[in-house]
Structures are given as structure tokens and as C-alpha cells.
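The values are calculated or read from the model by the stated rules, or taken from the named source; none is laboratory data. Since the structure is predicted, the reported quantities are computational estimates derived from the model, not experimental observations. Virtual Cβ from ideal backbone geometry, glycine too; neighbours counted across all protein chains shown. Accessible surface is based on the protein model in full, side chains and every heavy atom, while ligands, DNA and RNA are left aside. Shrake-Rupley method; radii C 1.70, N 1.55, O 1.52, S 1.80 Å.
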Amino acid sequence: MTENKVILAGIDGCRNGWLVIRGVFLPDSKVFIKEDVLILTNVKEVFPLSADIYAFDMPIGLLENYVPGGRTCDRMARKLLGPRRASIFSPPPRKAFLANSYQELKKLGLKLSLQSFNLLPKIKELDEYLRLYKPLNVYETHPELVFWSEAQKTIPSKHSTEGFAKRKMLLEKSHLFRSLSFNLSQIRASLRKDLLDAYACLLAAKKIYLKEARVIPEEAEKDTFGLKMQIWF
């Protein structure tokens, strides 16, 4: 008898657009038999991949105005990560979409990090899609929480040699993926950290599909448009 197959997707925003790993997953064996890497220009190109679960490393559900510390899920994530809390930035509120520059952002009274501002176009792109189509199989995740959960402890920054190696080892140790080493060898060096992050998102998608994932907060908060503000890992 042939096993059922499901499609799961882990998505990380990268400089070139959206780095997607589309994984073919066998729920009975609990392994991936294939992981394809795609770099897509627009988020609208992600959804025709027909995945059962899309796990994004991108904020889903936004506040309308600035709140110190961001959403409840952001504050909870920082508490879990402890020494690595700085990797969880506060997403921009929708009011930030009015700003065309970092200087304009400050004039609007929005105290956001430069990292948060640089992600503004992608956050807006995804937010507009979700508000328009309201898909039910899209989840927010965060690679740092996924790796923290797998390691059961804080690990060094992904920008360090040790941190990169540790993340790769954790993914390999899961024994889930068939194409990780090959995909790392094929992608250009500047995208290798993004690739590991996308794999962490794919791992989160697998946990969500099998109902093994943790979520913060457990009781979903919703934004003005009904989008849930939760992080799954």
C-alpha cells in the first residue's frame, strides 16, 4: 500500500524575495522524502504550491499602533529565549506602512528597529494577502524558537560559526530531511543561513501538521482584521 503524502512549506523572507522549502512528507513514516528549494519574488507565488501547511518566519497579525515590546507573542518569545531575546524584534504596526523612510517612521512616533523597518515591504506584502484571502493553513513561526525547542537550551547566534554548525546539526539530528546537505551545497553562501531558517520553518510546519507544536500564547489574540497573533514552534 502506498503511503499518503502531504505537502508542507517552510518560508523565510530573504533579500531576493521569499526562500521556500517545499517538502513532501509521509505522515505515517514521519519523514520527508523530498525537499525542493524555491526562491520566489512575490508572496503570491508561494500559495499555488498547494501546501497543507505554510509556516512563515514573518509576523502574522499586526497591531494598528505602536506598543512597547510588540505583541503578546513577541514578549513571550523573548522570555523563552532569554540571552537570545534580541533575535525577536517587535513587528511594525500597520501605521508604519505609511512611512517611506526610517526618518518618516520616527516622525510618526514609531520606535522600531532598523531590522523591523527593512522587513516592512515583506510584512506588508504578506499582511495584504492574508487580509484579502484569509487562508486557514498559514502559521507564523520563528526559527530561533524552533532551534531553542530542539536543543532544549539557548544556542549561539546563527551568524557565528558555532551557531551555524549547531543549527545544521540539530536539523540533521531530527532525521527528518533527505536533501538538507545537498541543498546547502547548491545554494549560494549568502543564503545558507536563510536556508537553515527555512528548514526550521519546515520543521515547525511538520509539528503543526502532526499536532506536536507548541504555540504562544495558547489562547489566540486577534488583530483588527481577525488574523491570529501567535507563534508556533
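When the Cα positions of Y139, T161, L98 are compared along the charge dipole of the range 93-168, L98 comes out farthest toward the positive end, with charges on each C-beta of Lys, Arg, Asp and Glu.
Add +1 for every Lys or Arg and -1 for every Asp or Glu among the other residues with Cβ under 12 Å from the Cβ of T224, and state the total.
0
Between T161 and S185, full extension at 0.36 nm per residue minus the direct alpha carbon distance yields a gain of 7.0 nm. Helix 120-133 and the longest principal axis of the C-alpha atoms of the chain enclose an angle of approximately 80°. Net charge around S179, counting only other residues with Cβ within less than 15 Å of its Cβ (Lys, Arg = +1; Asp, Glu = -1)? With Lys, Arg at +1 and Asp, Glu at -1, the neighbours total +3. Coupling constants for the range 182-190 follow from the phi torsions by the Karplus curve (6.51 cos²θ - 1.76 cosθ + 1.60, θ = phi - 60°), and in residue order they are 4, 5, 5, 6, 8, 7, 5, 4, 5 Hz; glycine and proline get x. Restricting the calculation to Cα atoms, the range 1-125 yields a radius of gyration followed by a Dmax of 17.6, 63 Å. With just the Cα atoms defining each centre, how far is the range 1-35 from the range 104-165? Give it in Å. First find each Cα centre; the distance between them is then 20 Å. What the Cβ-Cβ distance of D36 and K153 gives, at R0 = 25 Å and to the nearest 0.05, is a FRET efficiency of 0.20.
Using a cut-off of 13 Å between beta-carbons, work out the net charge of the residues near K166 (Lys and Arg +1, Asp and Glu -1, K166 not included).
Around K166, the charge tally is +3.
The distance between label points at S113 and N4 comes to 4.0 nm (points 7 Å beyond Cα on the Cα→Cβ vector). When the alpha carbon gyration tensor of the chain is reduced to an equivalent ellipsoid, the three semi-axes, largest first, read 28, 20, 17 Å.
Suppose every Lys and Arg Cβ carries +1 and every Asp and Glu Cβ carries -1, with no other charges. What dipole size does the chain come out with about its Cα centre, to the nearest 20 debye? Present the calculation step by step, with values, prior to reporting the outcome.
Values: 37 positive and 26 negative charges, 117 e Å.
The calculation lands at about 560 debye.
Seen against the Cα atoms of the chain and their longest principal axis, helix 161-173 is set at about 50 degrees.
Pairs spanning more than 28 Å between alpha-carbon atoms, out of K106/K206; K79/K111; K134/K207; K193/K222: K106/K206; K193/K222.
Put simply, when 214-225, 60-71 are sorted by average Cβ atoms within 10 angstrom per residue, most first, you get 60-71, 214-225.
Based on alpha-carbon atoms, the Kirkwood radius and the radius of gyration of the range 47-181 give Rg/Rh equal to 1.00. Principal axis extents of the C-alpha atoms in the range 109-223 (largest first, rounded to whole Å): 39, 34, 28.
Enumerate by residue number the trypsin sites (Lys or Arg not before Pro) in the range 87-194 meeting two conditions: DSSP loop (anything except H, G, I, E, B), and at most 12 other Cβ atoms within 10 Å of the site's Cβ.
On the way: sites: R94, K95, K106, K107, K111, K122, K124, R131, K153, K158, K166, R167, K168, K173, R178, R188, R192, K193; in loops: K111, K153, K158, R178, R188.
Sites meeting the loop and neighbour criteria: K111, K153, R188.
The 1.4 Å probe gives accessible areas that order T72, T41, T141, T154, largest first, as T41, T154, T72, T141.
Return the FRET efficiency for the residue pair E172, K79: r is the Cβ-Cβ distance, R0 is 22 Å, and the value is rounded to the nearest 0.05. Approximately 0.15, to the nearest 0.05. Which one of M76, A189, G109 is farthest out on the positive end of the charge dipole of the chain, using unit charges on Cβ (Lys, Arg +1; Asp, Glu -1) and the Cα centre as origin? Selected residue: G109.
Just checking the listed ones, H159, H142, H175: in the Gaussian network model of the chain with Cα springs under 10 Å, the one fluctuating most is H159. Taking the C-alpha atoms only, the angle from helix 192-209 to the longest principal axis of the chain is near 80 degrees. Its Cα centre serving as origin, the range 19-142 has a Cβ charge dipole (Lys and Arg +1, Asp and Glu -1) of approximately 640 debye. Note on the chain: helix-only mean residue ellipticity at 222 nm, from DSSP H runs of 4+ residues weighted -39500 (n - 2.57) and normalised by residue number, equals -10500 deg cm²/dmol. Surface composition of the chain: carbon plus sulfur atoms contribute 51% of the solvent-accessible area (1.4 Å probe, protein chains only, all chains present). The residues of the chain present an accessible area of 50 Å² per residue when probed at 1.4 Å with all protein chains retained. Remark: relative contact order (the chain) = 28 percent; criterion is Cα-Cα distance under 8 angstrom and separation of 6 or more residues.
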